[in-house]
Every structure is written in structure tokens, then in C-alpha cells.
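Colleague: Quick one: structure below, then a few questions.
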Amino acid sequence: MTNRFQDKVAIVTGGGSGIGLEAATQFVGEGGSVVIVGRDADKLAAAAEAIDPSGEKVAVLSGDVSQIETADRAVALATERFGGVDVLFNNAGIFRPTPFLEHTEADFDRNLSTILKGKFFMAQAAARAMQNRGGGAIVQTGSMWAERAVAATPSSAYSAANAGVHAMVRNLAVELAASKIRVNAVAPAVVETPVYGTFMSAEQVKEVLPTFNDFHPLGRNGQPRDVVGALLFLASDDAPWITGAVLPVDGGVMASR
């Protein structure tokens, strides 16, 4: 394994499971240190143990990313423990397909607050810290659903929130370029993470997810590692001239539709 992130420090939101956990694990494996952020303290503790049993390279912060103070606390913790912030993996999100006519105001607010507001203010806090390091990289986890509607998964509020994330990437890339902060995103299709267990039983997940394999031209659903390869690339010095990009990591879905 390479050491692309030797002595670098990352904040990973949604770092307790799925894509966030895989990103944190690989980032530490390549020489970095991480602050993982999530709502569930027990899940974060288990994730931290899995990432680095010594505890030297990982710190945890339990908090709601839709609250601005969580972003400030994450940056403060990264600075206190590891000296600053070089990378932000802005990964936290929610997903619960809901027909448009059945959406409530609470549904709408939850999607906008967690997905868009959370990523916005976490990026703002991280960017301020990155200026003290002479630059950095912000990588957002967006969504294929921000670009395409899928009848089987009605997701109007979720899609609108992620479309905002994609627009934010382009704006921040231009605004923060002078500070040598690059801002990009990935737009995954169906990735098999614990998020599906938030609205389906374990038996339903086992039955339903395989039906989406053929939705992807490459013939299978994604796994967290499929997305994390792109996340780490965009965060690394292997992508020094890439900013403002939204990269489809979707098994070919966008190419085929």
C-alpha cells in the first residue's frame, strides 16, 4: 500500500460505517490520521477500534452534521489531536425513497439539513482550517440520483438536496482555488451499505438489493471500496489539477441513460 497521505489529517463524516468507514480505514492505511464523525457513539467506537486499535491515528466525534456546531467541533478536535485539517470527506447522508405526494415537511427538512446544510457548513469550517495549512482537498459524496430520476426509487427531496451538493462543488472550487483548496465530488449509484437497513428489514435488503445489479451496465451493485478508490484519488496529490468535478462512480449508469 502507498503512503499518499503520510502525516495528513482528514475529517470523515458518516465515518462509522459504509463508505465513510472504508475511506477512513484506507486513509489511515496510507499514512494519515482521521477524525470520524457520526450520530451513533457506539458505532463510532467500534469503527475506531477497527481502523486503528492503538487509537493513535483516529479520533471520534459524536454529533449531528446538520448542526453547525458539529463542524466546528470536528475541526477543533482534528486540530487538537493531529495539528490541523488537510482533507474533508464530506460523506454523511440519508436515503429513504418516498413518493413526492407523500413527503412531509419534516422529510424535506431532514434531507436538506443532513445532506446539503451539513455538507455546506462542514466544508466551510474545514476550508478555514485548510487555509492555515496552505491548502487541502474537500471531497463530497453526492449521488447519481441528483442527475437522474429512477422510478423504482422515488427520491425527490433526496435528489434535490444532492443536486445542491453538486452545484456547491462547482462554486466552492472556484471560490477556494486561490487558497489551493480543491473541491470535488463523487456521484455513486447503488452501493451496498447499511443505509438500506434504515428503511428495509434485513430480509428485505437481502431480497431487494440483488434486483438492482442489472441496473448497472457493469452488472453489479457497488461496494464501499468501489467508491473509496475515487474518493482517495480526488483527495490525493494524484489529482492536483482536478477541481469542480462531479465524478460518476456508478457502474456505467450515467453513460447508459
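Colleague: Given the options 195, 58, 227, state which has the largest fluctuation in a GNM of the chain using a 10 Å cut-off (strictly under) for Cα springs.
Modeller: Evaluated over the chain, the most mobile residue of the options is 195.
Colleague: On to the next question. Give me 250, 64, 42 ranked fewest to most by other Cβ atoms within 10 Å of their Cβ, as a rough exposure proxy.
Modeller: 42, 64, 250
Colleague: Please go through the residue pairs 119/180; 117/180; 43/180 and name each one whose alpha carbons sit more than 25 Å apart in this structure.
Modeller: Beyond 25 Å: 43/180.
Colleague: Can I ask one more? Can you sort 130, 254 from fewest to most other Cβ atoms within 10 Å of each residue's own Cβ?
Modeller: 254, 130
Colleague: I want the antiparallel fraction of DSSP beta bridges within the chain, as a percent rounded to 5.
Modeller: Restricted to the chain, the bridges split so that about 0 percent are antiparallel.
Colleague: Something else now. Hey, can you grab everything whose amide H is under 5 Å from the amide H of residue 183? Only 5+ residues off in sequence or another chain; H modelled, so Pro and N-termini drop out.
Modeller: 138, 244
Colleague: A further question on this structure: Mind checking the full-extension length gain between residue 76 and residue 6? Use 0.36 nm per residue of separation minus the Cα-Cα distance, one decimal, nm.
Modeller: 23.1 nm
Colleague: Moving to a separate point now. For the stretch 129-146, what does the Karplus curve 6.51 cos²θ - 1.76 cosθ + 1.60, with θ = phi - 60°, yield as ³J(HN,Hα) per residue in whole Hz, taken in order and with x for Gly and Pro?
Modeller: The phi angles translate into 5, 5, 4, 6, 9, x, x, x, 9, 10, 10, 8, 9, x, 6, 4, 5, 6 Hz.
Colleague: I want to make sure I understand the PRE zone here: with the label point 7 angstrom from the Cα of residue 256 toward its beta carbon, which residues in the stretch 185-216 have backbone N atoms less than 11 Å away?
Modeller: 212-216, by backbone N distance to the label point.
Colleague: Post the alpha-carbon centroid distance, the stretch 221-243 to the stretch 4-71, in whole angstrom.
Modeller: The stretch 221-243 and the stretch 4-71 have Cα centres spaced 17 Å from each other.
Colleague: Follow-up question, since we're still on this one. I want to verify a result. In a Gaussian network model of the chain, Cα cutoff 10 Å, which of these has the top mean-square fluctuation: 213, 221, 162?
Modeller: Its mean-square fluctuation being the largest, the pick is 213.
Colleague: Within the chain, which is the longest segment containing none of the chymotrypsin sites (Phe, Trp or Tyr not before Pro) that sit in a DSSP loop and have at most 16 other Cβ atoms within 10 Å?
Modeller: That would be 1-198.
Colleague: So if R0 is 30 Å, what FRET efficiency would residue 148 and residue 39 give, r being the distance between their Cβ atoms, rounded to the nearest 0.05?
Modeller: Once rounded, the FRET efficiency stands at 0.55.
Colleague: What does the helix-only formula give at 222 nm for the chain: each DSSP H stretch with n ≥ 4 adding -39500 (n - 2.57), the total divided by the residues, and the result rounded to the nearest 500 deg cm²/dmol?
Modeller: The helix contribution divided over the chain gives -12000 deg cm²/dmol.
Colleague: Given a Förster distance of 30 angstrom, what is the FRET efficiency for residue 107 paired with residue 49, based on the Cβ-Cβ distance and rounded to 0.05?
Modeller: 0.30
Colleague: Could I ask something else about it? Would you work out the relative contact order for the stretch 28-100, in percent, from Cα pairs under 8 angstrom that are 6 or more residues apart?
Modeller: Relative contact order for the stretch 28-100 comes out at 28 percent.
Colleague: Test of understanding: ordering 21, 101, 112 by Cβ neighbours within 10 Å, fewest first, what list do you get?
Modeller: Final ranking by Cβ density, sparse to dense: 101, 112, 21.
Colleague: Right, something else. If you keep only loop residues by DSSP, which trypsin sites (Lys or Arg not before Pro) in the stretch 1-58 have at most 16 other Cβ atoms within 10 Å of their Cβ?
Modeller: 39
Colleague: OK, next. For the stretch 140-232, calculate the relative contact order in percent as a whole number, restricting contacts to Cα pairs under 8 Å that are 6 or more residues apart.
Modeller: 28 percent
Colleague: Next question. Give the relative contact order (percent, whole number) for the chain; include only Cα pairs under 8 Å separated by 6+ residues.
Modeller: 19 percent
Colleague: Give me the net charge for the shell around residue 224: Cβ to Cβ below 13 angstrom, other residues only, Lys and Arg +1, Asp and Glu -1.
Modeller: Neighbourhood net charge equals -2.
Colleague: Can you work out the Karplus-derived ³J(HN,Hα) for every residue in the stretch 46-59? Use 6.51 cos²θ - 1.76 cosθ + 1.60 with θ = phi - 60°, whole Hz, and x for glycine or proline.
Modeller: 3J(HN,Hα) across the stretch 46-59, in whole Hz: 5, 5, 4, 4, 6, 5, 8, x, 6, x, 6, 10, 9, 10.
Colleague: Just 102, 30, 49 to compare: in a GNM of the chain, with alpha carbon springs under 10 Å, which one fluctuates most?
Modeller: 102
Every number here is computed from the coordinates shown, using simple stated rules; none is lab data. Computed from a predicted model, the values in this text were never measured in an experiment. All Cβ positions, glycine included, derive from the backbone under ideal geometry; neighbour counts span all protein chains shown.
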